[in-house]
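Inspection log for the structure reproduced underneath, given as structure tokens.
The values are calculated or read from the model by the stated rules, or taken from the named source; none is laboratory data. Not measured: the values here are computed from a predicted model. Here the Cβ positions follow ideal geometry from the backbone for every residue, glycine too, while neighbour counts run over all protein chains shown.
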Amino acid sequence: MIAGLGNIYVCEALWRSHLSPKRASGTLVTKTGRPKAELLRLTENIRAVIADAIAAGGSSLKDHIQADGSLGYFQHSFSVYDREGKECRTEGCGGTIARMVQSGRSTFYCPSCQK
């Protein structure tokens, strides 16, 4: 169980799922509350992003380090987070990563392939 996700992992999971961070969460379920394919894909990608981040030792940004003093390396594989103005890594997309502020936090996404 996860109580919440950090900004980095939200951006990465939404990008992997090709979902816009502007999309209302209610659009991911049917009128009866059943999950749509997009929600199932997002759930899978949240798990995958967390697993990849753990395997890489987390993300070392600013002053974050592991309990033993070592650095994490997940930041070297970011697909969207902190990549504003760079080309989207989705094959065949050709879009440019954008940044917007939501609730005072930076959100990075590709307006071309994340709908």
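Set side by side, the residues Ala48, Ala56, Ala67, Ala98 differ, and just one is of a type in the set (A, V, I, L, M), farther than 14 Å from Arg16 by Cα and at pLDDT 95 or above, which is Ala98. Please determine, by comparing only the residues of region 28-57 that are loosely packed, with under 12 Cβ neighbours inside 10 Å and β-branched (Val, Ile, Thr), which one is nearest to Pro111 (Cα to Cα). So, considering only residues that are loosely packed, with under 12 Cβ neighbours inside 10 Å and β-branched (Val, Ile, Thr), the one nearest to Pro111 (Cα to Cα) is Thr30.
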